[in-house]
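Reviewing the structure listed below.
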Amino acid sequence: MVEMPSSLFDLSGESGKGPIPFPGRRESSAGPQHGRPKVLVVDDEKLIVDTIVEILTGAGFDVIGAADGWAALDTAARFHPDYLLSDVLMPKMNGVELAVAMRKMYPTTKVFLFTGQAGISEILLRGQQQGYQFELIAKPIHPLKLIERLKEE
């Protein structure tokens with residue numbers, strides 16, 4: 001079983017199923033899997049990226065991670081994600097700046113921002129002033145709730 005950081009996920013077992021075991025890791029970097037929704041996960045904390053990649057890969061998504069906004073834009077040019085799941089507070093380029101750039105380049109990519117930090121309203125407001133609205137997901141989130149939210153689209 002993979003240990004997940006408690007700062008990101010609520011593993012209280014509120015779904016009644018408890019912690020989630022993961023099958024062996026399937027690498028997405030070998031190329032997109034046809035028919036599987038593609039998700040680009042971006043966070044400056046490697047453990048968080050690796051954990052979300054594991055969870056979503058095990059749930060049937062084709063997933064690749066990036067450590068910052070610039071790397072994400074480079075990856076998106078090759079990967080063409082259906083979904084962007086990004087932390088808001090990151091160095092170099094924050095999640096809202098990344099989301100705006102992604103919307104301009106890939107208008108059909110669905111964007112979800114997540115954060116465990118208070119005080120990001122000013123960052124979100126900057127995106128809104130440019131005419132962009134992004135769904136915000138608060139940390140911690142139970143892995144099953146994240147999977148359900150992505151599959152709703």
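The values are calculated or read from the model by the stated rules, or taken from the named source; none is laboratory data. Because the structure is a prediction, the values reported are computed rather than measured. Reconstructed Cβ throughout: ideal geometry from the backbone, glycine too, with neighbour counts over all protein chains shown.
Miscellaneous remarks
- Any hit, region 89-96, residues being in a helix (DSSP H, G or I) and of a type in the set (A, V, I, L, M, F, W, C): yes
- Residues that are more than 21 Å from GLU54 (Cβ to Cβ) and not small (Gly, Ala, Ser) were ranked within region 113-122; the one that is surrounded by the most Cβ atoms within 10 Å (Cβ to Cβ) is ILE120.
- Residue within region 98-120 that is within 23 Å of GLN130 (Cβ to Cβ), of a type in the set (Ser, Thr, Tyr) and at pLDDT below 95 present: yes
- Scanning region 130-144 for residues that are out of contact with any Asp or Glu (no Cβ under 6 Å at 6 or more places or on another chain) and either touching a residue at least 60 places away in the same chain (Cβ under 8 Å) or among the acidic types (Asp, Glu) (or both) yields GLU135, LYS139, ILE141, PRO143, LEU144.
- Test: residue in region 59-74 that is over 29 Å from GLY127 (Cα atoms) and either at pLDDT 95 or above or touching a strand residue (DSSP E or B) at 6+ places or on another chain (Cβ under 6 Å) (or both): yes
- Region 65-85 - residue that is surrounded by fewer than 22 Cβ atoms within 10 Å (Cβ to Cβ) and of a type in the set (A, V, I, L, M, F, W, C) and, of those, farthest from the chain's Cα centre (by Cα): ALA77
- The criterion of being assigned to a strand (DSSP E or B) and closer than 18 Å to ARG149 by Cα does not hold for LEU56.
- VAL88 crowded, with 19+ Cβ neighbours inside 10 Å, touching a strand residue (DSSP E or B) at 6+ places or on another chain (Cβ under 7 Å) and at pLDDT below 95: yes
To keep it simple, each residue is scored yes or no on (1) in a helix (DSSP H, G or I); (2) aliphatic (A, V, I, L, M); (3) crowded, with 18+ Cβ neighbours inside 10 Å; (4) within 15 Å of the chain's Cα centre (by Cα).
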residue	(1), (2), (3), (4)
ALA99	yes, yes, yes, yes
PRO107	no, no, no, no
VAL111	no, yes, yes, yes
LEU124	yes, yes, yes, no
GLY127	yes, no, yes, no
GLY131	no, no, no, no
LEU136	no, yes, no, yes
LYS145	yes, no, no, yes
LYS151	yes, no, no, yes
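- Screening PRO23 on (1) at pLDDT 95 or above; (2) surrounded by fewer than 14 Cβ atoms within 10 Å (Cβ to Cβ); (3) in contact with a Ser or Thr (Cβ under 9 Å, 6 or more places away or on another chain) shows it passes everything except condition (1).
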